[in-house]
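Written out below as structure tokens is the structure these notes cover.
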Amino acid sequence: MTTLLLVLGIGFAGLAVGVLVKAAGRPDTFQVTRSATIAAPAEKIFPLIDDLHQFNRWNPFLKKDPDARLVYSGPASGRGAAHAWEGNRNVGKGDVEIIESSPPAKVVMNLHMIRPMQGDNRVEFTLQPGAGATTVTWSMQGRQPLLAKVMTVFIDCDKMVGGDFQKGLAELKAIAE
């Protein structure tokens, strides 16, 4: 029995070391990006991103908890507009602030997550006009500490968060068109 426990303990320790080695080899930063083409001019789409009240009409993350508490601060839109939220375990707790607003082409936000995991990320929306449509790109990037790297060994965060970005962009498209 003691030998079995020793073998299991060594096996578990080896597995843990293997996971840590694999995680340590992951990049120190991450980026998730998704795009959608919307049959509307950038001037019509831009306010749906730059005004956080409008943004939250299609924000896929807040849709996971319709009872999440929101507190808006700063101007109604543009640089300095902000909101904090607190919701269920699917939404967590955090705040976001627009730090750059270049109508009708770009909105940049600082995203500070408190729960379920701490993190400070940069969120960027770019709007690229084309023939009768606008390509909207939603990107998020940030540092990836060791705990986040360990998670990526088991969970494809790009696919998970990217899927939410796709849902949000589809909702934005439905509102803008």
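Candidates are the residues of segment 74-99 that are open to solvent by less than 50 Å² (accessible area, probe 1.4 Å) and of a type outside the set (G, A, S); the one that is nearest to E124 (Cα to Cα) is I98. Of all residues in segment 93-110, those that are in contact (Cβ under 8 Å) with a residue 60 or more places away in the chain have Cβ atoms under 8 Å from Cβ atoms of residues that are of a type in the set (A, V, I, L, M), 6 or more apart or on another chain, in P104/A42; P104/I45; P104/L127; A105/A42; A105/L127; V107/I49; V107/I98.
When the residues of segment 86-113 are filtered to those that are in a strand (DSSP E or B) and more than 14 Å from the chain's Cα centre (by Cα), which remaining residue is farthest from F46 (Cα to Cα)? For segment 86-113, the residue satisfying everything is E86.
Any residue in segment 17-32 that is part of a helix (DSSP H, G or I), under 16 Å from the mean Cα position of the chain (by Cα), at pLDDT 70 or above and not acidic (D, E)?
Within segment 17-32, the first condition is being part of a helix (DSSP H, G or I), and the residues that meet it are 17-24.
Among the residues that remain, those that are also under 16 Å from the mean Cα position of the chain (by Cα) are: none.
Within segment 17-32, none of the residues are part of a helix (DSSP H, G or I), under 16 Å from the mean Cα position of the chain (by Cα), at pLDDT 70 or above and not acidic (D, E).
Which of the residues spanning segment 38-80 are in contact with a helix residue (DSSP H, G or I) (Cβ under 8 Å, 6 or more places away or on another chain), not in a loop (DSSP other than H, G, I, E, B) and not basic (K, R)? Result: I38, I45, P47, L48, I49, Q54, F55, N56, W58, L62, L70, Y72. The set of residues in segment 60-115 that are within 22 Å of T134 (Cβ to Cβ), touching a Ser or Thr at 6+ places or on another chain (Cβ under 9 Å) and among the small types (G, A, S) comprises S77, G78, A81, S101, A105. Take the conditions (1) touching a strand residue (DSSP E or B) at 6+ places or on another chain (Cβ under 8 Å); (2) modelled with pLDDT of 90 or more; D158 misses just one of them, which is (2).
The values are calculated or read from the model by the stated rules, or taken from the named source; none is laboratory data. Quantities reported herein were computed from a predicted structural model and do not represent experimental measurements. Please note: Cβ atoms are built from the backbone with ideal geometry, for glycine as well, and neighbour counts cover all protein chains shown. Please note that ligands, DNA and RNA were not included when accessible areas were found on the heavy atoms of the full protein model with its side chains. Shrake-Rupley method; radii C 1.70, N 1.55, O 1.52, S 1.80 Å.
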